[in-house]
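Report on one structure; see the data block that follows.
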């Protein structure tokens, strides 16, 4: 019977039914077969009754305000004043600005939109090809779900009951590695193509642009500093980030007016709801996986097989990359985690390490056709044909695959910082 219901779920996906409906209908059928629909409804309510999940709408609202409120312009101007002169300077500005913006909002799409609307036209004026410009911003925008605070890590933490502060720490070094990998490729390619930097500015101007960006830089300090300093909880830090983002957008950078606040709040809530409804049905589905005995069967299967951890990770990476081509990135995580998590223990794979692996796979999924979301976002804001955007992102996908290999087979890249900063023996 389980196989029948899971097969029905796959058929619904193939037919193009939205993931929350496909998973929700399948979950309802599974619960009704084993008990009652009332238990399913109660389970959905219970799964959403989480203070940790409250962080999701706050982070999404913060991202919405920062995307529209002029924060991106301040970061770009500051970065350009310092590194714009080198070969491929605007490309490097894109990577650095996206990394800093990611440390404020936790959303790849918001990062790509906010940075792309400013940087892609500037790169075109600077002589960069349309495909390369699109590739740079598309790939840089994926940093939004890797560098903390990351919505992807929040969702993973809720689904797996893993410490979210430790997950945030695990994303720091991989995020910096991605910045370095992308930056190195941009400089190399720009030298080959003769893409020059921008005109240099005086030290006075550099200091001026940096000072203008300081209010924006206060957001990650408030969110992460307050969280790791023990001053606020995750949800409280997310709420603070939304409040500060709104105030900066209104009164410092003046990118929005008071009349736009309520519509932007509504937009942020709608975007958050689309994530939370999938989380709720996925958590209920995961509960059924455990109660039905499938999780125990998977654990026994792994224990009885001769598969090693590194072989398992190869197979999982291939699976995630394949699914990422056809499903929305959060859907991949929410479908796979209930099945994969029980198998990590017997293979001695740290859930923190696996979280970073799955998030980097999600980043790559944002850049791979036919449903890579960043491809469509960049094509829309740059008025560039989708095929040309895809061609521009292809080399960056290769760079990201190299990064994925490093993160997969060098666990210390992800685990060192959480182990040093928040060792489990210290209550992490």
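Things worth noting here:
- Within the span defined as the stretch 44-53, one or more residues are surrounded by fewer than 19 Cβ atoms within 10 Å (Cβ to Cβ) and within 20 Å of residue 220 (Cβ to Cβ).
- One residue from 254, 192, 204 being closer than 30 Å to residue 367 by Cβ and surrounded by fewer than 19 Cβ atoms within 10 Å (Cβ to Cβ): 192
- Selection count, the stretch 189-207, where residues are touching a residue at least 60 places away in the same chain (Cβ under 8 Å) and assigned to a helix (DSSP H, G or I): 6
- The stretch 94-114: number of residues that are closer than 22 Å to residue 330 by Cα and in a helix (DSSP H, G or I): 14
- Top-ranked residue of the stretch 57-68 - restricted to ones that are surrounded by 24 or more Cβ atoms within 10 Å (Cβ to Cβ) and closer than 14 Å to residue 111 by Cβ, ranked as modelled with the lowest pLDDT: 67
- Long-range neighbours under 7 Å by Cβ, at least six apart or interchain, first residue at positive phi and modelled with pLDDT under 85 within the stretch 82-110, second surrounded by fewer than 24 Cβ atoms within 10 Å (Cβ to Cβ) and not in a helix (DSSP H, G or I): 88/195
- Members of the stretch 69-93 that are closer than 19 Å to residue 110 by Cα and not in a helix (DSSP H, G or I): 69, 70
- First in the stretch 210-232 and free of Cβ contacts under 8 Å to residues at least 24 places away in the same chain, second anywhere and in a loop (DSSP other than H, G, I, E, B), Cβ under 7 Å, 6 or more apart: 226/232
- If you go through the stretch 377-387 and keep only what is assigned to a helix (DSSP H, G or I) and buried (at least 17 other Cβ atoms within 10 Å of the Cβ), you end up with 377, 378, 379, 381, 382.
- Among residues of the stretch 147-178 being part of a loop (DSSP other than H, G, I, E, B) and either at pLDDT 95 or above or out of contact with any helix residue (DSSP H, G or I) (no Cβ under 6 Å at 6 or more places or on another chain) (or both), the one that is surrounded by the fewest Cβ atoms within 10 Å (Cβ to Cβ) is 161.
- Test: residue in the stretch 275-285 that is under 30 Å from residue 64 (Cβ atoms), at pLDDT 90 or above and either touching a helix residue (DSSP H, G or I) at 6+ places or on another chain (Cβ under 8 Å) or assigned to a helix (DSSP H, G or I) (or both): no
- Taken as a whole, the stretch 214-233 holds at least one residue that is surrounded by fewer than 19 Cβ atoms within 10 Å (Cβ to Cβ), within 17 Å of residue 97 (Cβ to Cβ) and at pLDDT 90 or above.
- In the stretch 411-428, the residues that are without any contact (Cβ under 8 Å) to a residue 24 or more places away in the chain and surrounded by 14 or more Cβ atoms within 10 Å (Cβ to Cβ): 419
- Of the residues making up the stretch 342-365, none is surrounded by fewer than 16 Cβ atoms within 10 Å (Cβ to Cβ) and closer than 29 Å to residue 16 by Cα.
The values are calculated or read from the model by the stated rules, or taken from the named source; none is laboratory data. Keep in mind that this is a model prediction, so the values were computed, not measured. No Cβ is skipped: glycine too gets one built from the backbone with ideal geometry, and neighbour counts run over all protein chains shown.
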